[in-house]
Amino acid sequence: MVSRLLPFFAALIVLGLFFALVLTGLSHNLDQHLAARQQDLPLSEFTPQIIRTVIAFHQRPHTPHFGRPLARSFTQTPTLNAYLRRIVYTCLLILNSNLDASLAAYLNRIPLGKPEHRSIGGFPQGARVYFGVPHTRLRIGETLLLCDRALHPVEVLPSIHPDQALEKRNRLLQHMYNAGHLAPSEYRLEINQPLSLAADHRPIF
């Protein structure tokens with residue numbers, strides 16, 4: 001009986017070793033994606049408010065971990081292989097103990113749409129293109145809109161439909177407040193702020 005099961009157990013061991021090698025290779029590839037690039041800003045260049053808002057946004061119910069859009073940015077080719085790698089990358093990013101490296105890659109390089117057929121990557125570029133301000137001056141509501149664009153980079157651009165952008169910002173602020181991520185004073189301050197877009201810098205109320 002035992003001798004009959006030996007081939008089965010041997011096959012399981014070989015299969016386990018194969019998947020361990022594949023996972024090790026994918027983990028190494030992910031580390032290469034997360035490694036800082038020359039043009040990347042260190043995490044210390046992003047305000048605590050931006051970092052807190054990004055983490056809180058992705059902790060909301062029914063909102064994916066920021067590792068999902070980050071993994072998608074690493075595997076953009078529409079192939080089965082890329083899709084499977086995206087799943088593994090997402091799991092590794094969720095379990096990744098190096099939160100700083102993951103956050104830095106997200107803030108510096110996450111795709112944020114293609115206005116006028118120009119790819120926007122990262123919060124520093126997104127802040128300038130969409131709101132006309134340096135990333136250090138992003139308000140909570142503006143940061144939330146960039147987080148939302150990271151999840152939906154092909155949606156309508158805020159500069160084309162500013163009223164919709166304002167409505168979405170207010171809805172995101174309400175969600176954050178309801179989830180306990182914004183104090184009442186923060187919520188009142190942000191919800192009463194106009195939304196100024198880079199297209200013409202006219203405040204939208």
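Looking at Tyr187, Tyr89, which is the one that is modelled with pLDDT of 95 or more and not aliphatic (A, V, I, L, M)?
On inspection, the qualifying residue turns out to be Tyr187.
Among the numbered conditions (1) buried (at least 16 other Cβ atoms within 10 Å of the Cβ); (2) modelled with pLDDT under 80; (3) closer than 14 Å to Ala198 by Cβ, the only one that Glu116 does not meet is (1).
Within the stretch 60-93, the set of residues being under 20 Å from Ile50 (Cα atoms) and not in a helix (DSSP H, G or I) comprises Arg60, Pro61, Thr63, Pro64, His65, Phe66.
Of everything listed in (1) crowded, with 17+ Cβ neighbours inside 10 Å; (2) outside any helix (DSSP H, G or I), the single unmet condition for Glu155 is (1). In the condition set (1) crowded, with 19+ Cβ neighbours inside 10 Å; (2) small (Gly, Ala, Ser); (3) out of contact with any helix residue (DSSP H, G or I) (no Cβ under 7 Å at 6 or more places or on another chain), Gly141 is compliant with all but (3). If you go through the stretch 93-122 and keep only what is touching a helix residue (DSSP H, G or I) at 6+ places or on another chain (Cβ under 6 Å) and among the charged types (D, E, K, R), you end up with just Asp100.
Answer yes if at least one residue in the stretch 102-123 is in a helix (DSSP H, G or I), under 23 Å from Leu172 (Cβ atoms) and without any contact (Cβ under 8 Å) to a residue 24 or more places away in the chain, and no otherwise. Among the residues of the stretch 102-123, not one is in a helix (DSSP H, G or I), under 23 Å from Leu172 (Cβ atoms) and without any contact (Cβ under 8 Å) to a residue 24 or more places away in the chain, which makes the answer no.
Residue by residue through the stretch 158-181, note down the ones that are part of a loop (DSSP other than H, G, I, E, B) and touching a residue at least 60 places away in the same chain (Cβ under 8 Å).
If we filter the stretch 158-181 for residues that are part of a loop (DSSP other than H, G, I, E, B), which is where we start, we get 158-161, 179-181.
Those that are part of a loop (DSSP other than H, G, I, E, B) and touching a residue at least 60 places away in the same chain (Cβ under 8 Å): Ala179, His181.
With respect to the conditions (1) at pLDDT below 70; (2) over 16 Å from the mean Cα position of the chain (by Cα); (3) surrounded by 17 or more Cβ atoms within 10 Å (Cβ to Cβ), Leu30 lacks only one, and its number is (2).
Every residue, every condition in (1) surrounded by fewer than 20 Cβ atoms within 10 Å (Cβ to Cβ); (2) farther than 17 Å from Ile51 by Cβ; (3) among the small types (Gly, Ala, Ser); (4) at pLDDT 80 or above, yes or no:
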| position | (1), (2), (3), (4) |
| --- | --- |
| Leu95 | yes, yes, no, yes |
| Leu99 | yes, no, no, yes |
| Ile110 | no, no, no, yes |
| Gln125 | yes, yes, no, yes |
| Val133 | yes, yes, no, yes |
| Ala150 | no, no, yes, yes |
| Pro162 | yes, yes, no, yes |
| Ile191 | yes, yes, no, yes |
| Leu195 | no, yes, no, yes |
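The values are calculated or read from the model by the stated rules, or taken from the named source; none is laboratory data. For clarity, every value in this text was computed on a predicted model and none was experimentally measured. With ideal geometry, Cβ positions are generated from the backbone for all residues, glycine too; neighbour counts draw on all protein chains shown.
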